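Here is the structure we will look at, set down as structure tokens.
What follows draws every value from the coordinates through simple rules; no lab data is involved. Quick caveat: nothing in here was measured; it's all calculated off a predicted structure. We place every Cβ from the backbone using ideal geometry, glycine too, and count neighbours over all the protein chains shown.
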4 protein chains.
Amino acid sequence: MKVIADLCLVPLGVGVSVSEYIAACEKVLQEAGLVTRLHAYGTNIEGEWDAVFAAIKRCHEVVHQMGAPRITSSLRFGTRTDREQSMNDKVESVKRRLSPHGEE
Amino acid sequence: MKVIADLCLVPLGVGVSVSEYIAACEKVLQEAGLVTRLHAYGTNIEGEWDAVFAAIKRCHEVVHQMGAPRITSSLRFGTRTDREQSMNDKVESVKRRLSPHGEE
Amino acid sequence: MKVIADLCLVPLGVGVSVSEYIAACEKVLQEAGLVTRLHAYGTNIEGEWDAVFAAIKRCHEVVHQMGAPRITSSLRFGTRTDREQSMNDKVESVKRRLSPHGEE
Amino acid sequence: MKVIADLCLVPLGVGVSVSEYIAACEKVLQEAGLVTRLHAYGTNIEGEWDAVFAAIKRCHEVVHQMGAPRITSSLRFGTRTDREQSMNDKVESVKRRLSPHGEE
């Protein structure tokens, strides 16, 4: 089962600057061979269910190892059985409708 | 690693009434032996990481089997290494502060 | 427009214990006259759109005034035009399906 | 009060294809003069609190007018009082740490 997810991980107890921890998660996700895309409030992730969720677990483990005593994450994730759809397909299907000739 | 999570699963392509699918997920979570608590916009879930996420995967599988071609879920999940904390502890620590003598 | 929402507010830069800030938000929501229900990973809120979102803004203001330099919140919120539905209705419609004679 | 938000709006009761509704929301957000960035599981939005939340309300109104009887949205939103930070700053502060010479 393929999944498209969006992860926003928030370490607590380490002050207000969290980019160091987010960067460590990016590395974890990339080393897992997943397709990812960082944005301003999370990271899009695409892959097989088990690979995606194993990498998310690893993110929590790594951020705790870096010293964060508490982590709260928010995740969106979607699956579909009607057809294959990539992260890129999702963005393109909206953008097509926004372009001048998009609604033909 | 223990996790406290909050799952809101939304089946698409099955009309506006989704309680049948949510009830099926409740059964999946209970059969997995997890501590759960249904509320008006999701379900609190407490347990070991692997058990919680295996049950969430099973929810997606079951809801697809019931006929939903597409599912989008939103999940919050938290882990901590500083101390044990149950779902009940979380609610009680806030309620204590709200009671008249709560802030001693 | 009525809305049912679920707010999970996370103050950053104030350590790992956040119940004091969550309790302050509960007071804000109750003083706004909204129907609320605290759970282990957020708070259900029911009311008119403008009242609900004014109270959520007030939560951020109050938590900043309490000393949190940064806040990240996650919110679910739903509206419907087909019929009225309360937070209680949502929970009951699932519970009915879980009871032995619920699926008649 | 400035806010950086991330909106994922899901219309129910209109089938599995929702890009038409998401495109309508993009137009609402852009017409409101907000800085936005579409990604595969939502849209980043940056602006003054009242402008951002007025536009989000408008999104729900417009999607209902387009025929969706029910909408569920998930929103992340953050505020900070310690310093100004744009959506771009957030992404750049992570990317700097991922580049070979990023951690000086």
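For the reader, a short list of remarks on this structure follows.
- Each residue in the range A:6-22 was checked for being within 7 Å of another protein chain (Cβ to nearest Cβ) and assigned to a strand (DSSP E or B), and 4 of them qualify.
- Qualifying residue in the range A:83-91 (condition: closer than 20 Å to D:GLY78 by Cβ, in contact with a His (Cβ under 9 Å, 6 or more places away or on another chain) and in contact (Cβ under 8 Å) with a residue 60 or more places away in the chain): no
- Screening B:GLY47 on (1) facing another protein chain (nearest Cβ under 9 Å); (2) surrounded by fewer than 21 Cβ atoms within 10 Å (Cβ to Cβ); (3) free of Cβ contacts under 8 Å to residues at least 60 places away in the same chain shows it passes everything except condition (1).
- Positions within the range A:50-79 being under 18 Å from D:LYS90 (Cα atoms) and more than 10 Å from chain D (Cβ to nearest Cβ), in sequence order: A:SER73
- Any chance C:ALA51 is assigned to a helix (DSSP H, G or I), within 26 Å of D:ILE71 (Cβ to Cβ) and among the small types (Gly, Ala, Ser): yes
- Every listed requirement among (1) of a type outside the set (Asp, Glu); (2) buried (at least 21 other Cβ atoms within 10 Å of the Cβ); (3) under 28 Å from A:ALA51 (Cα atoms) is met by B:ALA54 save one, (2).
- Where C:GLY33 falls short, out of the listed (1) more than 10 Å from chain B (Cβ to nearest Cβ); (2) within 26 Å of D:VAL63 (Cβ to Cβ); (3) without any contact (Cβ under 8 Å) to a residue 40 or more places away in the chain: (2)
- Positions within the range D:63-104 being farther than 25 Å from A:ASP6 by Cα and part of a helix (DSSP H, G or I), in sequence order: D:HIS64, D:GLN65
Every residue, every condition in (1) of a type in the set (Gly, Ala, Ser); (2) out of contact with any helix residue (DSSP H, G or I) (no Cβ under 7 Å at 6 or more places or on another chain), yes or no:
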residue	(1), (2)
B:GLU31	no, yes
B:ASP50	no, yes
B:GLN65	no, yes
B:ALA68	yes, no
B:ILE71	no, no
B:THR79	no, no
B:ASP82	no, yes
B:ASN88	no, yes
B:VAL91	no, yes
